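Values quoted throughout were computed directly from the atomic coordinates according to the rules given, and no laboratory measurement underlies them. Keep in mind it's a predicted model, so treat the numbers as computed, not measured. Neighbour counts run over all protein chains shown; Cβ positions are idealised from the backbone, glycine included.
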């Protein structure tokens, strides 16, 4: 067969051009990534060279002025906030996508999608501002100080919801109508069609969306900085104020020098590695992440 | 029994959506209530005065749009090309590490991107604080998102269609243009929406690259304040700037709605018109 | 429908024309540094531009430390720092004070406590006092709001109360003034410290906070101006060595009485003349 995915022996000149063009542009993108990685390594070298990664996982806590760079409390906080946000956002986002595709009355579909697109574009500052002026005082009435892990989870969930919803919707839209019609012809209930046919077929796209959402949650800075309390401690309860890695970088970068600055970049590097690990894990467990 | 399961799922889905929409309306309502007072023609056409508390946001709107245009002009072609390469041409050994790298890039915190953009575009390439620097940095941030969603969409297109195209004697480029890209349109659109959203929402990265200056930019190498940076400054740095912050947020929301509509219309007209499926 | 090619051409042409820079050699002044001073510098810059056509004053933020560094390396013509200079900085840089800023303790308006001694404040911030009733208020947990490390406000606070940052037991750590105000305004049991001018403004505009007197002196902009208030900091413009040319003119303008109204508009304290 002339056409096989990794075969560029098609004789057309347009194809050769396309192959070369897309290849070189992809290469440019790869160079860009390399540059970012390079910068991160260069900036964090000072602290990595004098003690390596071990410094970040031992010590009394995060006390830069005395050379202590224990990242564990903030690492736990980051993981807890992201996990909590995903636990909320994944089911809700998926449900909204299912609603838009299978349950909504005709006139509701477009407005709903527009709402999701809109939510995706609201700056983190606005989410943070709303969280600080509405959510945090609400939680404070229940259990002070209000600025807490719970606030961070809720705001993050709200922020990644549109990503999950939009990508899941796109994945569901790609489900072949043949499968859906066939299922209906076989007499499956709507639940059966949704759970048995649509979701499995859209699994890869939904997974990819979940991954994007996780990455967004891990990398979110502004909004979490405004609502999470920013106290460096391992979260003991939902109502404890916590500081996530990104907020830490944002808070301290302007005022850090020398080793402290390098440590902050190293924590950024750690975040990147976490994301890479996540993607690799997802690829392994979900079978082929990209169908 | 089957009926109950069906009803249960229906109820769950309706409830979840209601929750989501409810939360959104709460947020939006808050912004509208606080910001609607500020909204009038003068707000959109005047320059900011008194550190942004009075006057309008015209120069800031212009800067924001310019930054977005630069970012899109760079990210969309690069992203499409890379996604096409990844999905159609790359051998497995090359594609996998590239994908891992892309995912890593997507996980870099925005403030690190800001510092990277500052180091590369502002300092090393000598562009200084400018709309160019801001736009290019944003393009870097948008790329992973856009590439991942586009590639996901392209991969989801059944191989049947590719074989059909080959059987008809279409070159790969023609098949892409006429069949595959249109078929992947929903994913591409979703990716575009998310990327634009991400670009407009970005604050930390822009503070270090396109800067703080709130004057009307005269060229792309001028420093220009983006709307998100303006909202941040007004709400967190300037006392008494809350009303203007909410007003700006409202304008931003309307802007997003408008850009999304335009983008959706364009992609629909451009791509989907070509498929009959 | 216009073809894709023509659309691209048009876009490229527009783009290229926008690239024609209007930058004119030595008529641009770049200021970077403290985000506290940035709004004030922006307004002073605008007035300076009005009075000196053809001149451009670009203000960027990034923090006081950045202002110091950029002034030292020459990346910026003038650095902005919301604190006094350290000894090693003073050897290379010259500080020009343009305003003063007092720092006061704020509580929620509904908090019945109206006065706290220095010792009580110290004990609250180090966690030794955890409930308002121990200082004469209601039975309510105290929420301590502290500033993030490195901020000049924090360093001033610590210096005044003879504390070290690791000693402080904070419940919420904030980055900017406004975050502090919003946090205290949303929590009846909170205590924090912010710029006095900002707090005064918020108070008069209905935000539910109150400023506490310190060591018997009321926290007001007037008291800071007269030097009576114990906790205040200078807002400085920094230059490498003595300034010349455009930078010199700008600094003289910023220190003159011509911008006093701008200083008060940003809720800082103009220099006593």
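Distance from the alpha carbon centroid of the stretch B:5-57 to that of the stretch B:156-200 works out to 34 angstrom. Relative to the longest principal axis of the Cα atoms of chain B, the long axis of helix B:242-270 makes an angle of roughly 30 degrees.
Here the label points at residue B:262 and residue A:54, each 7 Å from Cα along the C-beta direction, are separated by 5.7 nm in the simple model.
Distance from the C-alpha centroid of the stretch A:190-239 to that of the stretch C:57-113: 39 Å, rounded to the whole angstrom.
For chain A, the gyration tensor built on C-alpha atoms gives an oblate shape. Its axis ratio a/c (a ≥ b ≥ c) is at least 1.5, and a/b is not larger than b/c.
Quick check: from the Cα gyration tensor, does the stretch B:15-94 come out rounded (a/c under 1.5), prolate or oblate? Mind dumping the intermediate values first?
Details: a/c = 4.87, a/b = 1.56, b/c = 3.13.
Judged from the Cα gyration tensor, the stretch B:15-94 comes out oblate (a/c at least 1.5, b/c at or above a/b).
For residue C:50 and residue C:203, a Förster radius of 25 Å and the Cβ-Cβ distance give a FRET efficiency of 0.15, rounded to the nearest 0.05. Peptide packing: for A:86-99, C:201-214, the average count of neighbouring Cβ atoms within 10 Å per residue gives the ranking A:86-99, C:201-214, highest mean first. Taking the Cα atoms only, what angle lies between the long axis of helix B:2-35 and the longest principal axis of chain B, rounded to 10 degrees? It works out to around 30 degrees.
Given R₀ = 51 Å, FRET efficiency for residue B:243-residue A:106 by Cβ-Cβ distance, to 0.05? Please report the intermediate quantities before stating the final value.
Working: r = 40 Å, r/R0 = 0.78.
Given R0 = 51 Å and the Cβ-Cβ separation, E is 0.80.
Working from label points 7 Å from Cα in the Cα-to-Cβ sense, the residue A:237 to residue C:115 distance is 3.6 nm.
Placing dummy labels 7 Å off each Cα toward the beta-carbon, the span from residue A:41 to residue A:176 is 4.5 nm.
Angle, helix A:258-285 long axis vs. longest principal axis of chain A, Cα atoms, 0 to 90°, nearest 10? Approximately 30 degrees, to the nearest 10. Distance between the C-alpha centres of the stretch A:62-127 and the stretch B:109-145: 25 Å, rounded to the whole angstrom. Taken over the C-alpha atoms, the protein assembly as shown has Rg and Dmax values of 27.6, 90 angstrom.
Inter-chain neighbour count for A:185-194: the average number of beta-carbon atoms from partner chains within 10 Å of each residue's beta-carbon is 3. Just checking the listed ones, B:51, B:11, B:124: in the Gaussian network model of chain B with Cα springs under 10 Å, the one fluctuating most is B:11.
For the peptides C:40-50, A:51-61, the ranking by packing is C:40-50, A:51-61, with the highest mean count of neighbouring Cβ atoms within 10 Å listed first. The listed peptides C:191-197, A:162-168, A:215-221, ordered by packing as a protection proxy, come out as A:162-168, C:191-197, A:215-221 (highest mean of other Cβ atoms within 10 Å first). Oblate is the label for chain B, because the ratio a/c of its alpha-carbon gyration tensor axes (a ≥ b ≥ c) is 1.5 or higher and a/b is not greater than b/c. Comparing C:88, C:118, C:176 in a Gaussian network model of chain C where C-alpha atoms under 10 Å apart are linked, the largest mean-square fluctuation is found at C:88. Fewest-first ordering of C:36, A:133, C:65 by other beta carbons within 10 Å of each residue's beta carbon gives A:133, C:65, C:36. Given R0 = 35 Å, the distance between the Cβ atoms of residue B:4 and residue A:114 translates into a calculated FRET efficiency of 0.55. Under 20 Å from a label point set 7 Å out along the Cα-to-Cβ vector of residue C:272, the amide N atoms of the stretch C:80-115 belong to C:83-85, C:96-104. For the residues of A:202-210, the average number of beta carbons from a partner chain within 10 Å of their own beta carbon is 3.
Mind checking the mean number of beta-carbon atoms from other chains within 10 Å of the Cβ atoms in C:157-170?
Working: counts 0, 0, 0, 0, 0, 0, 0, 1, 2, 6, 0, 0, 1, 6.
What the average comes to for C:157-170 is 1.
When chain C is modelled as a GNM with alpha-carbon springs shorter than 10 Å, which of C:128, C:60, C:255 fluctuates the most? Of C:128, C:60, C:255, the most mobile in the Gaussian network model is C:128.
Length available on full extension from residue C:159 to residue C:248: 0.36 nm per residue minus the Cα-Cα distance, which gives 28.8 nm.
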